[in-house]
1. List every residue pair whose Cβ atoms sit under 6 Å apart, with the two residues 6 or more apart in sequence or on different chains, where the first one lies in region 103-114 and is charged (D, E, K, R) and the second, anywhere, is within 12 Å of ligand 1 (Cβ to nearest atom).
2. Among the residues of region 203-228, what is the count of those that are over 28 Å from LEU374 (Cβ atoms) and either at pLDDT below 95 or within 16 Å of ligand 2 (Cβ to nearest atom) (or both)?
3. For the structure I just gave you, tell me whether GLN302 is open to solvent by 10 Å² or more (accessible area, probe 1.4 Å), out of contact with any Cys (no Cβ under 8 Å at 6 or more places or on another chain) and under 17 Å from ASP341 (Cα atoms).
4. List pairs: first residue in region 23-38 and in the same structural domain as ILE348 (by TED's automatic domain parsing), second residue open to solvent by 80 Å² or more (accessible area, probe 1.4 Å) and part of a loop (DSSP other than H, G, I, E, B) anywhere in the structure, Cβ distance under 7 angstrom, at least six positions apart or on different chains.
5. Scan PRO153, PRO143 and give me the residue that is open to solvent by less than 70 Å² (accessible area, probe 1.4 Å), out of contact with any strand residue (DSSP E or B) (no Cβ under 9 Å at 6 or more places or on another chain) and away from ligand 1 (no atom under 15 Å from the Cβ).
6. Looking at VAL212, VAL250, can you tell me which residue is of a type in the set (A, V, I, L, M) and either surrounded by fewer than 21 Cβ atoms within 10 Å (Cβ to Cβ) or part of a strand (DSSP E or B) (or both)?
7. Has region 87-97 got at least one residue that is exposed (fewer than 15 other Cβ atoms within 10 Å of the Cβ), within 15 Å of ligand 1 (Cβ to nearest atom) and without any contact (Cβ under 8 Å) to a residue 40 or more places away in the chain?
8. If I ask for residues that are among the acidic types (Asp, Glu) and either within 16 Å of ligand 1 (Cβ to nearest atom) or open to solvent by 40 Å² or more (accessible area, probe 1.4 Å) (or both), which ones from region 316-362 would you list?
Amino acid sequence: MDRSEEIRLIREIIGLAEQKSAYLDETISHSPISRYSSPDRFAREEAALFRRQPVVAAHSGELAGPESFVTRLVMGLPVLLVRDGAGKVRAFLNVCRHRGAKLERDATGCKRVFTCPYHGWSWTNQGDLRAVPQEQQGFPDLPRAERGLRRLPVAEAHGFIWIIANPEISGPLNIDDWLGPVSDDLGWLDLANHKIAVETTIEVKANWKVLVEGGIEAYHFRVAHAKTIAPFFPDNLSTYCCFGPHIRTVLPRTTMPDLANTPEAEWQIRRDSNVVYTVIPTTQFLVQQDHVVWINAQPRAQDHTTLRIATLAPASRLDGDEMQAHWVRNQKITMATLIEDFDLGEEIQSGFASGGNPSHLFGRFEGALNRFNLTVEELMAG
Ligand code: FES
Ligand SMILES: [Fe+2]
């Protein structure tokens, strides 16, 4: 985000506060509940979205040095991420090419060679088949080149490792094309020079879109977050804008409208607001004053989402017990608020089965939610 955009966003909020108006779309909109409750719809989202578009698989700092690796489920696929000796990141299916055992069982570590725990076939961390016990006798003329690890398209950018979770898609992943204009803002956040200070993983019995929707409007703050963050935010004041499929939402603090009485040169958007980036499909960055909360959603079923929530702190501010205690405190405060949202999400999800609402309503100040759902529809339509 450049300085002129920062000033423009703050001016926009000050203007709305002066008019005592929320940021309004032209019309209200409707969101059919089948979007959130249908298993068939979820399967279509998986095929057309989660397994087709770039998703964040890890923070770069999780593959800290040469020969390091991480294994995890990404969009339901068992994935092995490695950084080879030259520092290049690769992504493979964590599945043995002999008879399909899980190749690497550890969540993280350092290895040049991965050896299957079943019959001992092994691969280099560049994915090439290295050794097959008793190969000559059992597998004469084995076409070794065809038995490399299954590769996934991968790119490293803005401090994250992005993959397409689909071994049927080959070729390079052009992440700049996908991120488009939101790249500038991610550069501004400088997340490549942040590290994970604290993280929490939580299972939520709600559709992934219900959870995204909960993070991109301020209409609910006064009521749902009355006991946590509501006092720090003006009632129902937020703006949003789109960067291709991605969305930036500004949630001003109560202090932002007062900036009208201070020199523009002193304005800082991070000091007086939370900025939320929704990077389609399932990544959100909640930008706070001195850190960024990375919300990584793994949709598991139409009514189940695994959320990994991590405090990303500047690498220069991680050392020492005092700093660590500071980040743990921050994470606790963030989680207390997010859990209020997740509990509501679970209640909404359980209400779908009642059939009481054929669709949900988005008010004119909930336009970001409509935009988000329309984007998902557009991407699914191909
Ligand atoms: S299944 Fe991996 S070596 Fe046999
Ligand atoms: Fe909330």
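1. Filtered contacts from region 103-114: GLU104/ASN94; GLU104/PHE114.
2. Taking region 203-228 first, the residues over 28 Å from LEU374 (Cβ atoms) are 203, 226-228.
Now restrict to residues that are either at pLDDT below 95 or within 16 Å of ligand 2 (Cβ to nearest atom) (or both): 226-228.
Total meeting the criteria: 3.
3. Working: open to solvent by 10 Å² or more (accessible area, probe 1.4 Å): yes; out of contact with any Cys (no Cβ under 8 Å at 6 or more places or on another chain): yes; under 17 Å from ASP341 (Cα atoms): no.
No: the conditions fail for GLN302.
4. These pairs meet every condition: PRO32/PRO358; ILE33/ASN357; ILE33/PRO358.
5. Details: PRO153 fails: out of contact with any strand residue (DSSP E or B) (no Cβ under 9 Å at 6 or more places or on another chain).
Only one candidate qualifies: PRO143.
6. Details: VAL212 fails: either surrounded by fewer than 21 Cβ atoms within 10 Å (Cβ to Cβ) or part of a strand (DSSP E or B) (or both).
Every option except VAL250 fails the conditions.
7. To start, the set of residues in region 87-97 that are exposed (fewer than 15 other Cβ atoms within 10 Å of the Cβ) comprises 87-88.
Narrowing further to those that are within 15 Å of ligand 1 (Cβ to nearest atom): none.
No, every residue in region 87-97 fails to be exposed (fewer than 15 other Cβ atoms within 10 Å of the Cβ), within 15 Å of ligand 1 (Cβ to nearest atom) and without any contact (Cβ under 8 Å) to a residue 40 or more places away in the chain.
8. Of region 316-362, the ones among the acidic types (Asp, Glu) are 319, 321-322, 340-341, 343, 346-347.
Passing the criteria: ASP319, ASP321, GLU322, GLU340, ASP343, GLU346, GLU347.
The values are calculated or read from the model by the stated rules, or taken from the named source; none is laboratory data. Computed from a predicted model, the values in this text were never measured in an experiment. Note that we place each Cβ from the backbone using ideal geometry, even for glycine, and neighbour counts take in every protein chain shown. Note: areas computed on protein heavy atoms with side chains; ligands, DNA, RNA excluded. Shrake-Rupley method; radii C 1.70, N 1.55, O 1.52, S 1.80 Å.
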